[in-house]
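Just so it is clear, none of the values below were taken in a lab; they were calculated from the coordinates. Just so we're clear, the structure is a prediction, and the values are computed from it rather than from any experiment. Methodologically, a virtual Cβ is constructed for each residue, glycine included, from the backbone with ideal geometry; neighbour enumeration extends over all protein chains shown.
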Amino acid sequence: MGRLEGKVAVITGGGGGLGQAMCMRFAEEGATIICQDIDEAAAAATVKAVTANGKADALAWVCDVSDSTGIDSMFEAATNQYGVVNVLVSCAGVDHTPGDGSGEGNTGSDVQVAVMSNDGWQRMLDIHVNGAFYCTRAMVKRLVDAKQGGSIICISSIAGTSGWGPVHYATAKAALLGFTRSLARFCGPLGIRANAICPGVIDTPMVAGVAPELIAPLKAMTPLGRLGEADDIAYAALYLASDESSFVTGQALSPNGGLVIS
């Protein structure tokens, strides 16, 4: 216990399966939690779960992660209430967007990339890439002013390392890896670490929405023979958020059961 004692953590997408698991595990280890989500009820449910034992403090913040004004306001409120945020997990994400051509078929001109709209493409990048950037900018600015170090964790995916999945999703997740590596180089001298996690197929509500006939082959191809669980990712994030990983930066940890080995 206490691996994150005294740390203030922002977890975006904290109302979802992975995000909620991270909020829970981080709080158990002593962190104060700011749970951001676009879904007010989901964020409130996570905060209720985090604070149920009366030993943790948490704040729900509702905004669209791609809204820089909302993100800046969140960091300002968190700093005023709890002190400088020194852990960030950019977890907010989606696997499809309106107008992205999903469900249009896979032959001829119906290949998804050929029918994807500008808005469908841009929305995916806005959520994953712009959202991570807005949060990182707000955090790093305050850490520099306070002369403090911190840990930034971007949730990428095996889609970003292997190219599996819809083209806009794989692109966004790959962009997060480049973002993480650049942050590690530029922010390392300031004592700010940046790492990525690239989950495999994890048993979350997002995966539950995928047709079983698509999931079954991936499970069969996974050497460990199962889907991952949300805590498999949460514990990886806990390590990267803690001082145990003080010499780890610019890396991509991929809990994927061996589905992707590189």
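If you build a Gaussian network model of the chain, linking Cα atoms that sit under 10 Å apart, which residue out of P166, P212, P199 swings the most?
Result: P212 has the largest fluctuation of those listed.
Please compute the contact order of the range 114-198 in relative form: average sequence separation of alpha-carbon pairs under 8 Å and at least six residues apart, divided by the residue count, as a percent.
For the range 114-198, the relative contact order is 34 percent.
Mind listing P(r) for the range 8-252? All alpha-carbon pairs, 5 Å bins, whole percents.
It works out to 1, 7, 14, 18, 20, 17, 12, 7, 3, 1, 0, 0, in whole percents.
For the range 1-104, take every pair of Cα atoms, bin their distances at 5 Å starting from 0, and report each bin as a whole percent.
Bin by bin from 0 Å, the calculated values are 2, 14, 24, 24, 17, 8, 5, 3, 2, 1.
Can you give me the distance in nm between label points at D243 and K147, each placed 7 Å from the Cα along the Cα-to-Cβ direction?
Rounded to a tenth, the inter-label distance reads 1.9 nm.
Using alpha carbons only, how many degrees (0 to 90, rounded to 10) separate the axis of helix 230-241 from the longest principal axis of the chain?
The helix 230-241 is inclined about 40 degrees to the chain.
In the neighborhood of Y169, defined by Cβ-to-Cβ distances under 10 Å, what is the net charge if each Lys or Arg adds +1 and each Asp or Glu adds -1? Working shown, then result.
On the way: positive: K173; negative: D95, D100.
Here the charged neighbours net out to -1.
For labels at A41 and I261 in the simple 7 Å Cα→Cβ model, what's the distance in nm?
Calculated label separation equals 4.4 nm.
Can you find, among S156, L227, S242, the residue farthest towards the positive end of the dipole of the range 8-252? Put +1 on the C-beta of Lys and Arg, -1 on that of Asp and Glu.
Final value for the positive-end residue is S242.
Quick one: length gained pulling A114 to A208 fully straight, 0.36 nm per residue minus the C-alpha distance?
Gain on extension, A114 to A208, equals 31.2 nm.
May I ask for the Rg/Rh ratio of the range 168-262, computed from Cα atoms with Rh as the Kirkwood radius, given to two decimals?
Radius of gyration over Kirkwood radius for the range 168-262 works out to 1.03.
Would you mind checking the tilt of helix 40-50 against the longest principal axis of the Cα atoms of the chain, expressed as 0 to 90 degrees and rounded to 10?
So the inclination is approximately 50 degrees.
Report the label-to-label distance for D67 and A52 in nanometres (one decimal), using points 7 Å from each Cα along the Cα→Cβ vector.
2.9 nm
Estimate the FRET efficiency between E229 and V84 by the formula 1/(1 + (r/R0)^6), using the beta-carbon distance for r and 35 Å for R0, to the nearest 0.05. Each step should come with its number before you reach the end.
Values: r = 32 Å, r/R0 = 0.91.
My answer for the efficiency is 0.65.
Quick check for the chain: number of Lys pairs with alpha-carbon distance under 22 Å, counting only pairs 8 or more apart or on different chains?
Taking the Cα cut-off of 22 Å, the pair count is 5.
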